[in-house]
1. Exceeding 20 Å between C-alpha atoms, which entries from my cross-link table qualify? They are Lys64/Lys88; Lys36/Lys67; Lys19/Lys57; Lys19/Lys68; Lys57/Lys88; Lys34/Lys67.
2. Using a cut-off of 10 Å between beta-carbons, work out the net charge of the residues near Ile84 (Lys and Arg +1, Asp and Glu -1, Ile84 not included).
3. What does the helix-only formula give at 222 nm for the chain: each DSSP H stretch with n ≥ 4 adding -39500 (n - 2.57), the total divided by the residues, and the result rounded to the nearest 500 deg cm²/dmol?
4. Restricting everything to alpha-carbon atoms, can you work out Rg to Rh for the chain with a Kirkwood hydrodynamic radius?
5. Which of Asp5, Asp61 has the fewest other C-beta atoms within 10 Å, and how do the rest follow up to the most?
6. Compute the signed sum of charges (Lys and Arg +1, Asp and Glu -1) over the other residues within less than 11 Å, Cβ to Cβ, of Ser53.
7. Subtract the Cα-Cα distance of Leu16 and Ser39 from 0.36 nm times their separation in residues, and report this length gain in nm to one decimal.
8. Add +1 for every Lys or Arg and -1 for every Asp or Glu among the other residues with Cβ under 14 Å from the Cβ of Leu18, and state the total.
Amino acid sequence: MSFIDWTNVACVLANLGLKSKLIATEHHEHSYLKSKIASAMRDISYRFIDGLSVLSKSDYDYYKFAKKIARLSTTHFLSMCLEIVRSKMSS
């Protein structure tokens, strides 16, 4: 589970080839990254995550390419994470 865009990218790279679930969250507007290269790296890596939470409707619409995306308030994020962890442990 990671919370910062560059940490998210690093976690995706570290998780390649593993069967671990990876949950990421974005606390910045997707347009916050001004570099086209950095934005492309983030967007490509987010195709490999198992869950993404965002805080705004515009981010929800932007990250539609993610496998699972949820627009959550901060209090609901922990519940989503626990649900994914429990499902992984039971399988």
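1. Lys64/Lys88; Lys36/Lys67; Lys19/Lys57; Lys57/Lys88; Lys34/Lys67
2. Net local charge, Ile84 excluded: +2.
3. -14500 deg cm²/dmol
4. My calculation puts Rg/Rh at 0.95.
5. Ranking Asp5, Asp61 by Cβ neighbours within 10 Å, fewest first, gives Asp61, Asp5.
6. 0
7. 6.3 nm
8. My count for the surroundings of Leu18 gives +2.
No lab work stands behind these numbers, since they all come straight from the coordinates. Worth saying up front: this structure is predicted, and the values here are computed from it rather than measured. Cβ atoms come from the backbone with ideal geometry, glycine included; neighbour counts cover every protein chain shown.
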